[in-house]
Amino acid sequence: MNNAILLLSGGLDSVVSLNVIKEQGIKNILALTFNYGQKSFEKEKNSSISISKYYEIKHEIITLDWLKNISKSSLTSNRNIPMPDILDLDNKEIMKKTAESVWIPNRNGLFINIAACYAETYNYDTIIIGANKEEAGTFKDNSIEFINAINNSLKNSTQKQITTVAPLINKTKYEIVKCAIDYNIPFDLINSCYESGTKHCGKCESCIRLKRALEQNNRADIIEKIFKIG
């Protein structure tokens, strides 16, 4: 792996993945951020721009208006985003319903294939995605099986040897937060929230997974800094 395209949402997983590949000596990195009409896009955009500047990597925003138009997800429509209780996180049935509500059709598959177009054109050999073990429980496109399948597809859909790598694929959110602390990532720049407020709402699934992991790592100071109080 000599250079890489990073799928950068501005969230914890993509930023930790960035630190992993930089630690491996990868310097030529292009970050791609996607605007598909999600409620949190302005926050994602600001986070991604700030993170790209902080780590001195190239960055581009790709707009996919049509994806919002065909999506019925609560992330892109006037439907309310689910607000599960922290105790629900290990309840597969409840989390399955939450996942169905926020699901964007073929999102990771689409993002990777767009990144592959860039990789072939601009001679990048690797696509980095922040897929992880914990979220793979309810989102199939975060699983090892998905990564293996998309790589098999890329063998036939690209002329170059382009590979998708998920550095965090075997890690839980607790472990990812621990890595983030070790890397001293700028927590004040990240955005992992589904909602559109200025701070993390602390109530959507993405937020409560992050909050629980921070609590498990005894980092109440970070919770106070990035989450909405009350």
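Please go through region 41-82 and give me each residue that is under 17 Å from residue 15 (Cα atoms), under 16 Å from the mean Cα position of the chain (by Cα) and not basic (Lys, Arg), ordered by number. Break it down into steps so the answer makes sense when it comes.
We begin by selecting, within region 41-82, every residue under 17 Å from residue 15 (Cα atoms); these are 41, 43-61.
The next check asks that each one be under 16 Å from the mean Cα position of the chain (by Cα); those that pass are 41, 43-52, 59-61.
Scanning region 41-82 gives 41, 44, 46, 47, 48, 49, 50, 51, 52, 59, 60, 61.
So, residue 29, is that one of a type in the set (Val, Ile, Thr) and in contact with a His (Cβ under 7 Å, 6 or more places away or on another chain) or not? For residue 29, the condition - of a type in the set (Val, Ile, Thr) and in contact with a His (Cβ under 7 Å, 6 or more places away or on another chain) - is not met.
Of all residues in region 23-44, those being in a helix (DSSP H, G or I) and under 18 Å from residue 73 (Cα atoms) number 3. Listed by first and then second residue, the pairs with beta-carbon distance under 6 Å, at least 6 apart or on different chains, first residue in region 67-80 and more than 9 Å from residue 38 (Cβ to Cβ), second modelled with pLDDT of 95 or more and in a helix (DSSP H, G or I), are 74/101; 74/102. Selection of region 1-40 for residues being of a type in the set (S, T, N, Q), within 15 Å of the chain's Cα centre (by Cα) and either more than 13 Å from residue 61 (Cβ to Cβ) or surrounded by fewer than 17 Cβ atoms within 10 Å (Cβ to Cβ) (or both) yields 14, 17, 19, 35, 40.
Pairs linking a residue in region 25-40 that is at negative phi to a residue that is surrounded by 20 or more Cβ atoms within 10 Å (Cβ to Cβ) and at pLDDT below 95, with Cβ atoms under 6 Å and 6 or more positions apart or on different chains, do not occur. One residue stands out among those in region 141-171 that are under 14 Å from the mean Cα position of the chain (by Cα) and in a helix (DSSP H, G or I): the one that is nearest to residue 23 (Cα to Cα), which is 142. When you look at residue 96, is it modelled with pLDDT under 95, charged (D, E, K, R) and out of contact with any strand residue (DSSP E or B) (no Cβ under 9 Å at 6 or more places or on another chain), yes or no? Yes, satisfied.
Pick from 74, 47: which is assigned to a loop (DSSP other than H, G, I, E, B) and hydroxyl-bearing (Ser, Thr, Tyr)?
Values: 47 fails: assigned to a loop (DSSP other than H, G, I, E, B).
Only one candidate qualifies: 74.
A search for C-beta distances below 6 Å between a residue of region 168-188 that is farther than 18 Å from residue 48 by Cβ and any residue that is surrounded by fewer than 18 Cβ atoms within 10 Å (Cβ to Cβ) and not acidic (Asp, Glu), counting only pairs 6+ apart in sequence or on different chains, returns 169/144; 174/216; 177/217; 178/217. Within region 165-209, being farther than 18 Å from residue 221 by Cα and aliphatic (A, V, I, L, M) holds for 165, 166, 168, 169.
Conditions tested, residue by residue: (1) free of Cβ contacts under 8 Å to residues at least 60 places away in the same chain; (2) closer than 16 Å to residue 34 by Cα; (3) part of a helix (DSSP H, G or I).
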position	(1), (2), (3)
54	no, no, yes
105	yes, yes, no
110	yes, yes, yes
118	no, yes, yes
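Going through (1) at pLDDT 95 or above; (2) of a type outside the set (Gly, Ala, Ser); (3) farther than 30 Å from residue 208 by Cβ one by one, residue 146 falls short only on (3).
Among the residues of region 5-13, is there at least one that is closer than 22 Å to residue 174 by Cβ and acidic (Asp, Glu)? Let's see the steps before the verdict.
First pass over region 5-13, keeping only residues closer than 22 Å to residue 174 by Cβ: 9-13.
When the remaining residues are screened for being acidic (Asp, Glu), the result is 13.
Yes, region 5-13 contains at least one residue that is closer than 22 Å to residue 174 by Cβ and acidic (Asp, Glu).
The values are calculated or read from the model by the stated rules, or taken from the named source; none is laboratory data. Nothing here was measured: the structure is a model prediction, and the numbers come from that model. All Cβ positions, glycine included, derive from the backbone under ideal geometry; neighbour counts span all protein chains shown.
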